[in-house]
Structures are given as structure tokens and as C-alpha cells.
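Only one structure is covered here, and it is reproduced in the block below.
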Amino acid sequence: MAGLEDLYREIILDHYRSPRNRGELEVPPAHKVEGFNPLCGDEVVLYIDVDPETETVRDIKIAGQGCSISQASTSMMSSAVKGKSLAEVHQLTRAFKALMSIHESKLEGEGDGSDLEAELEGVRLGDLEALQGVVKFPVRIKCATLAWNTLQQGLDEAEHAPSP
């Protein structure tokens, strides 16, 4: 199992050292949203360009600073959602958050985790699976989910924004 942990550690470090989709998009048409974790100082800035006709994430760019977990998660998230439909993005977001909450639900005695496993079923997380080790360190879960919460906030704001 140590080999798998080493591989996961390498994936996280690779995304941290060489973040995917780094940069900015013109606002508008893109929507800019910022997330901040006051407990540790992690910052995430997302530029999300959603095609209103096809309801897909046409492009996404990331910026920000913070720990390796938050920045790697942001990079992985940007790669995972780019080109996906909003329905797929919402499903992926729920699946990732379910992965991050497995540890908490078991600690709190919320059943056997089958609801969470059902949320994960059929969703391919790819590199994001490397972050599953974070659940062993509950204080770091907020680092891993910051980008996802920021993405959700940005999509909600963009969806309810008046049309240009």
C-alpha cells in the first residue's frame, strides 16, 4: 500500500508544482469568484466561462495561493470540470465532497457510509482520488474542498446573474 500512497503524494505534488489552467479570463463573459479559508489563509480565485447554450464549462482558469492540498485540489478540479456539462460538474462536486466526508460520517456514526458510496458510484474522479488520504486529517478537509465550494458558489452566482 505504501506504493499507492507514494503515487498519490506524487500526483498532489505535481499539481501543486505545476498547476493546470493557471491564469485569468476576461470578466465578463467569464465569472470571477474568490474563496478564502480564514483558518489557514488558503485563497482560491476561479474564472469560470460557461456556455449558456450548451450549459458546459467552456473554460476555467485558476489563481490563488495556499498549502499544497488546497492548490493541488484546485488544479485537479479545474482539469476535471473543463469541458463538462453543468450536470456533470454538479455530480462530480457531490462525489468529491462525499469522498471528503466519508471520514466525518464514520466518526459521527452516520450509518455504514452506503449513502456516500452511492454518491461516488459511477463517477470517475481520476487524479482527484489522490486526495482521499486527506480524510485521515480532518483539519485538512477544508483545504481540499475550498476550490469545490468556491466553484459551486461561482456557478450558483453565474446561474442567478442577469443576462447581459
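Whether any residue in segment 65-78 is surrounded by fewer than 16 Cβ atoms within 10 Å (Cβ to Cβ), out of contact with any Asp or Glu (no Cβ under 6 Å at 6 or more places or on another chain) and free of Cβ contacts under 8 Å to residues at least 24 places away in the same chain is what I want to check.
Checked against the condition, which is being surrounded by fewer than 16 Cβ atoms within 10 Å (Cβ to Cβ), out of contact with any Asp or Glu (no Cβ under 6 Å at 6 or more places or on another chain) and free of Cβ contacts under 8 Å to residues at least 24 places away in the same chain, segment 65-78 yields no hits at all.
Across segment 37-50, what is the number of residues that are at negative phi and loosely packed, with under 14 Cβ neighbours inside 10 Å?
Residues meeting the conditions: 2.
Of the numbered conditions (1) at positive phi; (2) without any contact (Cβ under 8 Å) to a residue 12 or more places away in the chain, E88 satisfies every one except a single condition; which is it?
E88 satisfies all of (1) at positive phi; (2) without any contact (Cβ under 8 Å) to a residue 12 or more places away in the chain except (1).
Can you tell me which residue among H31, H90, H15 is of a type outside the set (A, V, I, L, M, F, W, C) and farther than 21 Å from V123 by Cβ?
None of the other options fit; the residue is H31.
Which residues, taken from segment 79-91, are more than 16 Å from I11 (Cα to Cα) and either out of contact with any helix residue (DSSP H, G or I) (no Cβ under 6 Å at 6 or more places or on another chain) or surrounded by fewer than 17 Cβ atoms within 10 Å (Cβ to Cβ) (or both)?
Hits for segment 79-91 are K82, G83, K84, S85, L86, A87, E88, H90, Q91.
Can you give me the number of residues within segment 127-148 that are assigned to a helix (DSSP H, G or I) and over 14 Å from A98 (Cβ atoms)?
Qualifying residue count for the region: 11.
Report yes if some residue within segment 101-112 is modelled with pLDDT of 60 or more and not in a loop (DSSP other than H, G, I, E, B); otherwise report no. Give the steps one after another, and end with the answer.
Taking segment 101-112 and keeping what is modelled with pLDDT of 60 or more, we get 101-102.
Within this subset, residues satisfying the condition of being not in a loop (DSSP other than H, G, I, E, B) are 101-102.
Yes, there is a match, as at least one residue in segment 101-112 is modelled with pLDDT of 60 or more and not in a loop (DSSP other than H, G, I, E, B).
Can you tell me how many residues in segment 11-35 are within 14 Å of L128 (Cα to Cα) and either surrounded by 14 or more Cβ atoms within 10 Å (Cβ to Cβ) or at pLDDT below 90 (or both)?
Within segment 11-35, residues that are within 14 Å of L128 (Cα to Cα) and either surrounded by 14 or more Cβ atoms within 10 Å (Cβ to Cβ) or at pLDDT below 90 (or both) number 7.
The values are calculated or read from the model by the stated rules, or taken from the named source; none is laboratory data. Computed from a predicted model, the values in this text were never measured in an experiment. Cβ coordinates were reconstructed from backbone atoms using ideal geometry, including for glycine residues, and neighbour counts include every protein chain displayed.
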